[in-house]
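Just below is one structure, and these are the notes that go with it.
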Amino acid sequence: MTVPMTPEQDAATRRDSALPPDVPPRRHWWRRRWWRRVLLAAAFAGPGLVAANAGNDAGGIATYASAGAQFGYETLFLMVLITVALVVVQEMCARLGAYTGQGLGALIREQFSLRVTAFALLAFLVANVGLVVSEFAGIAAALELVGVSKFISIPVAAVLIWALVVYGSYKYAERVFLILSLAFLAYPVAAFLSHPDIGQAGADLIWPHFTGSKGFLLLAVALIGTTITPYMQFYLAAAVADKGISPEDYGKERVDAVGGAIFADLISVFIIVATAAAIKIRAPLASAQQAAEALRPVAGRFASQLFALGLFGASALAAAVVPLSTAYALSEAVGAERSVGKSFREARLFLGLFTGQIVIGAAVALIPGNLIQLLVQAQVLNGLITPILLTYVLILANRRRLLGAAANGRVFRLISAVCVIAIAIMAVAVLGLTVAGWFGIS
């Protein structure tokens, strides 16, 4: 039996739902409005979530799994600090894209001298070429789990990814790779089913501590390099600008950027916990098979196949996105044509840069060696270069002549500066240890 509305309720319903007097009111108007709000938010969601989750690619999975295998739960507190830094960085990049309508490549070109711009873009190119190598290594490691040699998988994958972007439907391929990458959502389930030491994991997550070893420091920088990846930030600013997100709409994009960072790092924490619980012998990962063992509580004897599926999807997606982000940034910086929809004749620099990175990445990944360690080492290189590029982001976000009232305030400026300085100190420490090792100093 339906209870009739009182005159006051009827009037309130008409007023709130903006119904004219001659239209009968419908019940549950708030639900329609709620769904409209969700759909409106979904229209702006994407760049922040995609950029943050890009860190959970081949190098990311290998690095997080190696952290759990080598140091158990000891690196969890680092992930809390890294998440704070990622939230700060993503918010700044999204704000730059929304308030200027330009990507980082164009902003660096306009706001800095030619030499400074060249240095920034050179660092970005070096970092991304290392990442492309790691993505093809990830493809090889994934398909080796199902018996395919890397001397077959890497060349075939390189040709297919290149053809999909240059001649095919990149957007369709991106969706397919993203769906395959969803296999890694099994890690949160595996983290609980592996019966981890929750007390120890919680303590290591909350209480900061530091293991005074070169291996721990190298892995810490690798975690930074794979979580706060420069190409993610270049992609985020460019995607926000390309999507036409205006300053008036930025509130929704901020939710996307911050929420995406937190969600992606929660997955990373679960990967560390699952691997730490599943692998009892504390040592660096020797193979993708060891990383796959963490999924055994979920997939049983199909753990290798599930891990291979997720690793292939994540690697293939990033193997396309990383060189594209480089091509976009460098083409932006010199004012050249940049579009996936253009032919080689129309966008020679853009598609030439993309092709060159695919060729170099695939060729280097074919060199014999431990693929998992190659993935981690690529993230260390990325971690060394990250503070250089974050410095540019920080300077741009601080400039009132560029952002006006949307520039970093006093508190945010302090927090972001501390994040960048802390990352830089760790990178310099790793560089110092590496150089000292060349001279036999331990």
Exercise. Any idea which of 77, 124, 177 is in contact with an Asp or Glu (Cβ under 8 Å, 6 or more places away or on another chain) and part of a helix (DSSP H, G or I)?
Worked result: 77
For this session: Inspect all residues belonging to the range 43-58 and state whether any of them is open to solvent by 60 Å² or more (accessible area, probe 1.4 Å), assigned to a helix (DSSP H, G or I) and either within 26 Å of residue 266 (Cα to Cα) or at pLDDT 70 or above (or both).
Result: yes
For this session: Would you check if there is a residue in the range 340-357 being surrounded by 23 or more Cβ atoms within 10 Å (Cβ to Cβ) and β-branched (Val, Ile, Thr)?
Result: no
Seminar exercise, completed: Only unsatisfied item for residue 102, checking (1) surrounded by fewer than 24 Cβ atoms within 10 Å (Cβ to Cβ); (2) in a helix (DSSP H, G or I); (3) of a type outside the set (D, E, K, R), is (2)
Problem set entry | Selection from the range 248-283 of residues that are more than 22 Å from the chain's Cα centre (by Cα) and surrounded by fewer than 17 Cβ atoms within 10 Å (Cβ to Cβ) | 248, 249, 280, 281, 282, 283
Exercise. Under the condition of being polar (S, T, N, Q) and open to solvent by less than 80 Å² (accessible area, probe 1.4 Å), which residue from the range 189-222 is farthest from residue 267 (Cα to Cα)?
Worked result: 213
For this session: Hey, could you check the range 105-121 for residues that are in a helix (DSSP H, G or I) and polar (S, T, N, Q) and say which is least open to solvent (accessible area, probe 1.4 Å)?
Result: 117
Problem set entry | Filter result for the condition that a residue is more than 23 Å from residue 424 (Cα to Cα), more than 22 Å from the chain's Cα centre (by Cα) and of a type outside the set (S, T, N, Q), over 72, 68 | 72
Exercise. Which residue out of 124, 151, 136, 177 is in contact (Cβ under 8 Å) with a residue 12 or more places away in the chain and surrounded by fewer than 18 Cβ atoms within 10 Å (Cβ to Cβ)?
Worked result: 151
Problem set entry | Options 367, 388; residue that is open to solvent by 20 Å² or more (accessible area, probe 1.4 Å) and closer than 23 Å to residue 79 by Cβ | 388
Problem set entry | Enumeration of residues in the range 320-362 that are of a type in the set (Asp, Glu) and either in contact with a strand residue (DSSP E or B) (Cβ under 8 Å, 6 or more places away or on another chain) or not in a loop (DSSP other than H, G, I, E, B) (or both) | 332
For this session: Test residue 94 against the criterion of being among the hydrophobic types (A, V, I, L, M, F, W, C) and at pLDDT below 90, and give yes or no.
Result: no
For this session: Please state which one of 302, 307 is part of a helix (DSSP H, G or I) and open to solvent by 20 Å² or more (accessible area, probe 1.4 Å).
Result: 302
Problem set entry | Sole exception among (1) free of Cβ contacts under 8 Å to residues at least 40 places away in the same chain; (2) within 22 Å of residue 51 (Cα to Cα); (3) open to solvent by 80 Å² or more (accessible area, probe 1.4 Å); (4) not charged (D, E, K, R) for residue 182, by number | (1)
For this session: Mind listing whichever residues of the range 408-425 are of a type in the set (A, V, I, L, M) and surrounded by fewer than 19 Cβ atoms within 10 Å (Cβ to Cβ)?
Result: 411, 414, 415, 417, 418, 421, 422, 424, 425
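The values are calculated or read from the model by the stated rules, or taken from the named source; none is laboratory data. All of these numbers come straight from a predicted model, not from anything done at the bench. Using ideal geometry, Cβ is built from the backbone for each residue, glycine included, and neighbour counts are taken over all protein chains shown. Note: accessible area is taken over every heavy atom of the protein model, side chains too, but ligands, DNA and RNA are not part of it. Shrake-Rupley method; radii C 1.70, N 1.55, O 1.52, S 1.80 Å.
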